[in-house]
Amino acid sequence: MKISQYALFLSCAAVAVCGCACGNTKSAPDSGASAEQPAKPGSSAAVLLDVRSPEEYASGYLQGARNIPHDRIGTEIAAVVPDKSAQVILYCRSGRRANTALEVMRAMGYINVSNYGGLEDAQERLGLPVVKE
């Protein structure tokens, strides 16, 4: 194996390892592709998605959040967010399912997706109230 191929292999391996770990921590969820501070959900610039189950969502969600369970993101996201450059903020219970949804969306060509971790983490970062039905 040539040195450049070896370096590429090591880089890919590092990304794979880091990518797997992103959803495992509450303190450092994947911040997404954009380094800019996100617009507040509710504005036309950001879409806030709760990727938990409908039952979890009904028990309390961030104001302005829409619900698409992480396992349906690939089939339902285009109807909710047709613009693949739109800012999308994801959260779930711990950040793990949001990371799964983030990876699916990036594979579909979405370029401005962020994982804000769990509900409490996202609430703290965004300063939004939790709505209970």
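Could you pull the accessible area for R97 with a 1.4 Å probe, rounded to 10 Å²?
Answer for R97: close to 60 Å² accessible.
What is the extension gain from S53 to R125, computed as 0.36 nm multiplied by their sequence separation minus the C-alpha to C-alpha distance, in nm to one decimal?
Stretched out fully, the S53 to R125 stretch lengthens by 23.7 nm.
Ordering D83, D50, D71, D121 by accessible area with a probe of 1.4 Å, largest first, what comes out?
D71, D83, D121, D50
The values are calculated or read from the model by the stated rules, or taken from the named source; none is laboratory data. Everything quoted here is computed from the prediction, not taken from an experiment. To get the accessible areas, we keep the full protein, side chains included, count just its heavy atoms, and leave off ligands, DNA and RNA. Shrake-Rupley method; radii C 1.70, N 1.55, O 1.52, S 1.80 Å.
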